[in-house]
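J.: Got a structure for you, questions after.
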């Protein structure tokens with residue numbers, strides 16, 4: 001009985017001691033710290049800008065290869081063998097210059113044949129003419145019937161028509177013989193030879209291509225919403241590949257209708273090239289600048305961001321960061337600025353560069369430029 005009481009008393013002491021230790025551990029546990037407010041982001045004065053009024057000249061650009069509009073293809077006007085070709089690619093030629101020689105013996109024989117046909121038709125006509133005059137005398141003396149005179153007159157008219165037809169065929173053959181000579185129709189440079197001497201050519205087959213480089217053209221496409229600002233005669237700055245400085249060109253023609261499916265209208269520029277500095281096929285970019293007589297509110301392009309198709313800028317408003325949705329207008333990539341049509345006031349403090357991890361409502365301040373002050377990007381990284 002005494003042993004049981006001692007064991008029971010020991011158990012009570014152990015339980016009491018564990019309760020005391022548990023109570024002590026609960027009192028010694030540190031209380032959780034309250035979330036202290038983050039310090040404001042510090043931006044240097046050079047990183048914060050205000051909207052600036054500036055003119056924004058309108059710019060329209062389009063590009064394409066230069067083409068020589070005065071390009072001709074010399075074709076063989078008759079079939080025959082190419083006896084000689086006196087010019088090659090790159091040769092300079094003058095209008096009327098002989099370019100080569102075709103074997104036109106067959107065409108000459110046809111001219112002789114047509115000439116003989118004319119002589120035969122003329123002889124037959126003269127015969128019917130004499131017969132008709134004789135019949136006229138007989139008819140006045142009533143030696144022949146009136147119907148015989150009418151038949152004689154009809155035969156005379158038929159002979160006259162046959163003679164005129166033979167003369168027309170002879171003239172056609174002579175024209176073909178004259179045109180068959182390979183002559184240059186313009187002043188220019190031989191761009192390509194399509195045949196070689198000794199080759200048999202057919203009528204209307206291409207022989208040479210001649211290009212006049214004194215004037216070149218650039219054809220491009222402009223959107224329907226921009227073409228109304230262009231007019232024929234406007235001066236255009238054109239940058240040609242391979243040349244450092246742009247050259248002046250002019251708008252020559254504007255198409256009257258848009259291209260199907262593209263909603264773009266063709267615009268053709270003319271570039272005078274008297275020194276033949278440029279060549280057909282060179283790639284060129286045309287830039288049309290239209291002056292702006294209005295002062296527009298602008299911010300740097302680097303201040304502009306986009307989320308889900310909405311453009312925005314970050315501003316510091318009453319010591320906090322605010323993301324402002326803006327509506328933009330014209331852009332000037334050369335100056336690096338964009339027009340803000342709506343969403344900002346002239347005295348807004350706009351972050352002029354893009355920063356990562358910015359949050360709406362985060363405290364922000366602008367500090368004076370000091371060497372010891374960390375940049376805003378470093379501050380944003382530590383936060």
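J.: Tell me what the chain gives for mean residue ellipticity at 222 nm when only DSSP H runs of n ≥ 4 count, each as -39,500 (n - 2.57), the sum divided by the residue total, rounded to 500 deg cm²/dmol.
T.: Details: 4 runs with 104 residues, N = 383.
For the chain, the value works out to -9500 deg cm²/dmol.
J.: Listing 366, 83, 118 from the residue with the fewest other Cβ atoms within 10 Å to the one with the most, what is the order? Working shown, then result.
T.: Working: 366 17, 83 12, 118 20.
Listed from fewest to most nearby Cβ atoms, that is 83, 366, 118.
J.: So if each residue of separation counts as 0.36 nm, and I subtract the Cα-Cα distance between residue 142 and residue 308, what length gain in nm does that give? Please report the intermediate quantities before stating the final value.
T.: Numbers: separation 166, 0.36 × 166 = 59.76 nm, distance 11.07 nm.
Length gained between residue 142 and residue 308: 48.7 nm.
J.: Could you please rank 312, 225, 109, placing first whichever residue has the fewest other Cβ atoms within 10 Å of its Cβ?
T.: 225, 109, 312
J.: A further question follows. Where does each of 43, 62 land when they are ranked from fewest to most other beta-carbon atoms within 10 angstrom? Walk me through the numbers on the way to the answer.
T.: On the way: 43 26, 62 21.
Lowest to highest Cβ neighbour count: 62, 43.
J.: For a quick check, take a GNM of the chain with Cα springs below 10 Å and name the residue from 137, 329, 117 with the largest mean-square fluctuation.
T.: Most flexible of the set in this elastic network: 137.
J.: With angles folded into 0 to 90 degrees, how steeply does helix 146-179 sit against the dominant principal axis of the chain? Use alpha carbons for both and round to 10.
T.: 50
J.: When DSSP beta bridges are limited to those with both residues in the chain, what percentage is antiparallel, rounded to the nearest 5? Don't skip to the end; give the middle numbers.
T.: Details: 73 of 77 bridges.
In the chain, approximately 95 percent of DSSP beta bridges are antiparallel ones.
J.: Tell me, how many Å apart are the Cα centres for segment 227-292 and for segment 171-211?
T.: Distance between centres, Cα-based: 33 Å.
J.: I would also like to ask the following. Show log10 I(q)/I(0) for the chain at q = 0.07, 0.09, 0.14 Å⁻¹, two decimals, from a solvent-free Debye sum over equal Cα scatterers.
T.: Once normalised to I(0) and log-transformed, intensities are -0.71, -0.86, -1.19.
J.: Give the separation of the Cα centroids, segment 130-169 to segment 316-337, in Å.
T.: 99
J.: Between 145, 257, 155, find the one with the highest GNM mean-square fluctuation for the chain; connect C-alpha pairs within less than 10 Å.
T.: 145
J.: Please check: in the Gaussian network model of the chain (C-alpha springs, under 10 Å), which one of 191, 173, 154 has the largest mean-square fluctuation.
T.: Of the options given, 154 has the highest mean-square fluctuation.
Each value in this text was obtained by applying a stated rule to the coordinates, not by laboratory testing. What you are looking at is a predicted structure, and each value in this text was computed from that prediction instead of being measured. Cβ coordinates were reconstructed from backbone atoms using ideal geometry, including for glycine residues, and neighbour counts include every protein chain displayed.
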